1. Could you list, in sequence order, all residues of the range 65-116 that are part of a helix (DSSP H, G or I) and among the basic types (Lys, Arg)?
2. I'm trying to understand the selection: among the residues of the range 262-305, which are surrounded by fewer than 17 Cβ atoms within 10 Å (Cβ to Cβ) and under 30 Å from His117 (Cα atoms)?
3. Pairs needed: first member in the range 242-262, under 14 Å from Cys126 (Cα atoms); second member anywhere, part of a loop (DSSP other than H, G, I, E, B) and not acidic (Asp, Glu); C-beta distance under 6 Å; at least 6 residues apart or different chains.
4. Does the range 62-70 contain any residue that is polar (S, T, N, Q), touching a residue at least 24 places away in the same chain (Cβ under 8 Å) and open to solvent by 40 Å² or more (accessible area, probe 1.4 Å)?
5. Given the structure, is Arg84 charged (D, E, K, R), open to solvent by less than 50 Å² (accessible area, probe 1.4 Å) and within 24 Å of the chain's Cα centre (by Cα)?
6. Exactly one of (1) at pLDDT below 90; (2) over 29 Å from Ser203 (Cβ atoms) is unmet by Thr79. Its number?
Amino acid sequence: MNTHQFSLTEYYDQQQREQTAINFLAKLLAVKPEDIITALEIIEHHCEETPAYLTFFIPKKSGGKREIKAPVGPVKDLTRKIYRELLLRYPLNYHIHGFRPARSTVTNAKEHLGNNHLVNYDITNCFPSTPIDRIIEVYEWTVGKNLRQEGIPTEIVNTIIEILARLATLRYGRASTEVLPMGSPTSPALLNLVLNSFDIRLSKLLRQKGMEFSYTRYGDDLSISSPNEIPKYVYGIVPSLLGSYGYDINPDKTNFMHRGTSGKPMEVTGLIIGDNHLLLSDRWLKKAATIIERIASMKDPKGKARTTFRGIIGLARMVYDGELPPRLVAALNRVKQGYNKPQQLALLEELFNFTHIPSDESYSPSYQGISTLENIGGLEFDYLPDPTGINDDFFLPEQV
C-alpha cells in the first residue's frame, strides 16, 4: 500500500515537472505549450499510419537512394523554432562552413585556394550514426548550462533537455535507439555542435605535427589541403579521432587529389579549386543553363522553381565574385529573346533579381579558360531549398 502511494505521488510529481518544463520551454521559444505537447504526442505515436516524419528518397551521386525523413507540420514548425531561437545562439569553430549563417559551399572551398594537395573524407551515415545520448550531451553544455546559470532548478533543466532531445530524434531503420533524422531542421545544427570539439581537436593535432594545412568541414564532408604533400600520418589521425566520436569514414568516398598530376581537378564540396579562384565545371553550367531556360519558359514559375532559379544565379555569382559565366549569360539572352511582352520581361527581371542582362558579345568575365574544363568531372545538384532557411546555399553542388 505504501509503495503504491509512493509510486502514485512520484507519477504526479513527474507530470507536474514535465508540464513546468514545457511551460518554460514554450516561453523560451515564444510558442504555446500546446504546440510542444502536440509535437511530442505526434513523435510518441509515430508509426506508418500516423507518421511524425514523412519518408522520401533522393538519388545519390554514387548510385542508390538517400533516405530523407521530413517532419510533419507541427513537428517541423517547432523544430524550426528550436533551431532559430536556441541552436543559433551557440558559437561554432572557424572550420565549420555547413548549415550556419554567412557560410556556404563557396566559403568552404575558398579556404583551400592556393594549396596543391588535398584529401576529402566523407562520414558514413552521419545523421543516423548520431544517437540521442550525443544530443543530450550537446543540450547539456548549451541550453542546460545557460539555464542552470540562471538559477533554474536542476530537475526542470533535465526535463527540458530530455524534451528537446525527444523532439530532435527518431528511431528508424537499423538504429537501436533514437538518432538524428536526415531532413529535420535541427539535425544539421546539432551535428555541427556534436562535432564542434572534433574539428578543434583535429586542427590542434595537425598543428602539433607542424603541418601547414587548411581544414574545413561542411556537414559530413571533411577536407584537408596543404601546399606540401600531406603526410601519411594524417590518413590515420582522421578516422581514429572520428571513431572516438562514434563515426566511421566511408573509404569509397575518400579522395586524394594533387594539382596537375591526378588527371582531374581538385574539388571541394563540388567546386573546382583553381590556382587563385573557384570554378564551376562546364557540365554543371550546361545543366544549369538548361534548367534556367526550362523554368523561364513557364508562364508563372512559383515556389521550388523560383528558388531553384535564383539559387543557380546566386551560386554562380558567389563563385565568380558577382559575375556570371558566359554559358549562363547566353542562356539568359536566349530566354530574353523569346520574351516579347513587357510582363514577361518584368517576370524575368524579378526572377533573376537584377535589371541588366549583359549581351553575349559585350560580356567578358574576369576568369578565362573555363572551357578547358570540358569533360573533366562535373557538378550535380539536388535543387532543394536550404533546410535551415537561413543564409545558406539554396542547393548543394555535388560531384558526379
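The values are calculated or read from the model by the stated rules, or taken from the named source; none is laboratory data. If you're wondering where the values come from, they're calculated on a predicted model, not measured in any experiment. So basically every Cβ, Gly included, is an ideal-geometry build from the backbone, and we count neighbours across all protein chains shown. Accessible surface is based on the protein model in full, side chains and every heavy atom, while ligands, DNA and RNA are left aside. Shrake-Rupley method; radii C 1.70, N 1.55, O 1.52, S 1.80 Å.
1. Of all residues in the range 65-116, those part of a helix (DSSP H, G or I) come to 73-85, 87-89, 105-110.
Passing the criteria: Lys76, Arg80, Lys81, Arg84, Arg89, Lys110.
2. Listed by number, the residues that qualify are Ser262, Gly263, Lys264, Asp275, Asn276, His277, Lys286.
3. Tyr247/Ser129; Asp248/Thr124; Asn250/Thr124
4. Initially, the range 62-70 is screened for residues polar (S, T, N, Q), giving 62.
Still in the list and also touching a residue at least 24 places away in the same chain (Cβ under 8 Å): 62.
Right, trim to open to solvent by 40 Å² or more (accessible area, probe 1.4 Å) and you get 62.
Yes, that holds for at least one residue.
5. On the way: charged (D, E, K, R): yes; open to solvent by less than 50 Å² (accessible area, probe 1.4 Å): no; within 24 Å of the chain's Cα centre (by Cα): yes.
Criteria not met by Arg84.
6. Evaluating Thr79 over (1) at pLDDT below 90; (2) over 29 Å from Ser203 (Cβ atoms) leaves (1) as the failure.
Yes/no matrix, rows are residues, columns are (1) out of contact with any strand residue (DSSP E or B) (no Cβ under 8 Å at 6 or more places or on another chain); (2) in a helix (DSSP H, G or I):
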| site | (1), (2) |
| --- | --- |
| Asn192 | no, yes |
| Ile200 | yes, yes |
| Met211 | no, no |
| Ile224 | no, no |
| Ile237 | yes, yes |
| Leu242 | no, yes |
| Lys264 | no, no |
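One line per residue, one yes/no per condition, for (1) touching a Ser or Thr at 6+ places or on another chain (Cβ under 6 Å); (2) modelled with pLDDT of 80 or more; (3) assigned to a helix (DSSP H, G or I):
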{"site": "Thr261", "(1), (2), (3)": "no, no, no"}
{"site": "Asn276", "(1), (2), (3)": "no, yes, no"}
{"site": "Lys286", "(1), (2), (3)": "no, yes, yes"}
{"site": "Arg294", "(1), (2), (3)": "no, yes, yes"}
{"site": "Ile312", "(1), (2), (3)": "no, yes, yes"}
{"site": "Ala316", "(1), (2), (3)": "no, yes, yes"}
{"site": "Leu324", "(1), (2), (3)": "no, yes, no"}
